[in-house]
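The values are calculated or read from the model by the stated rules, or taken from the named source; none is laboratory data. Quick caveat, the model's predicted, so the values are computed rather than measured. Please note: Cβ atoms are built from the backbone with ideal geometry, for glycine as well, and neighbour counts cover all protein chains shown. Protein only, heavy atoms only, side chains kept; ligands, DNA and RNA dropped before computing areas. Shrake-Rupley method; radii C 1.70, N 1.55, O 1.52, S 1.80 Å.
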Amino acid sequence: TNFIQNIDDFLAFRAATAGVDGVVRVYDTNGGKQLFTQRHSKSVPVLFCCFSFYGANFATASADGTVKIWESLTGDLRAIIEAHEKPCNCVVYEPSNYLLATASDDGKIKVFQRTREDKTRPIKKANQEVFDEAHIDDLPTATDIHQPQKWSLARVMKGHKYAVNCVSFSHDGSHLASGGVDGTVRVWAVKSQEQLFVLDCRCGSVNGVQYSSDGSTLAAVTERCHASDDRGMLALWDARSYVRNGSFEAKAALKTVAIAGDLPCGVACGDIEGNVYWLKFGCVEPNAPAVDKEAPKEQRPTSVCSIL
């Protein structure tokens, strides 16, 4: 399930769900009313759904390898992307909404770019705040809301040994983190496609990754802590130095993770048995100096997780 916040009078709070029946359902979370349903693919599971930055659109990823873009107000289909030949496990928007990243069983991460056909224009809200130019197109307007979108393949990243389960853009869109069945989290430079870091979780398949909204922390969840048991693990890294600075062991394999970046920092993760863990941790201040990789471990800042 993915949630979006309201945008003035354009959108109310909404949630989208997608599952093995191949159907996407969108709800108004203020009253719980189901607003509309759409079928991604006939009899093929939808594996992931994700809203765009301001919530005007949402994307779904299917086991048939396709990604579809939908309009959040009406459910109208805006684009179909033939992303992978094997199941597409994840799709995420980059903060500008002009890039999409996908992860697949074929071991590849793909980045798709939306074609800019119209010039962006500055828009002011009632509080005189000017939106960043890159985000303007995502705001629903009378002329744009029903227009089809064109997406083209921009980059392909290869490095995971097996299937890639999840991807996440950093807050500024410069980095992309991916998690795979090989038990690693890999960090990529989006522009150059260079693999910058390989973070070994030293455990089972990585099922979820996410950057905090302020860019200070990267979180990942795994299926098991050790080869001899089925417990799951949450791992945290400083997102500037990519030094590991925290962890938490759950009673069962973890499948999803969400992380808040503003202090006090918090993490939510869910396991395969239906449990949800709400965690708090002490994290590095956003403006603190980068961690010295050569410093002794006891001198490095750490994150300590505990259940709320």
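Below is a table of values for the structure above.
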quantity	calculated
Given (1) touching a residue at least 24 places away in the same chain (Cβ under 8 Å); (2) among the small types (G, A, S); (3) open to solvent by 40 Å² or more (accessible area, probe 1.4 Å), index of the condition S52 fails	(3)
Matching residues in the range 71-91 - criterion: being surrounded by fewer than 17 Cβ atoms within 10 Å (Cβ to Cβ) and in a strand (DSSP E or B)	L77, I80, E82
Residue check for S41: open to solvent by less than 30 Å² (accessible area, probe 1.4 Å) and at pLDDT below 85	yes
Considering residues of the range 52-65 that are among the hydrophobic types (A, V, I, L, M, F, W, C) and within 15 Å of the chain's Cα centre (by Cα) only, the residue nearest to F169 (Cα to Cα)	F53
Where K68 falls short, out of the listed (1) open to solvent by less than 10 Å² (accessible area, probe 1.4 Å); (2) under 20 Å from the mean Cα position of the chain (by Cα); (3) more than 18 Å from V164 (Cβ to Cβ)	(1)
Scope the range 218-245; condition assigned to a strand (DSSP E or B) and within 16 Å of C166 (Cβ to Cβ); matching residues	L218, A219, A220, V221, T222, M233, L234, A235, L236, W237
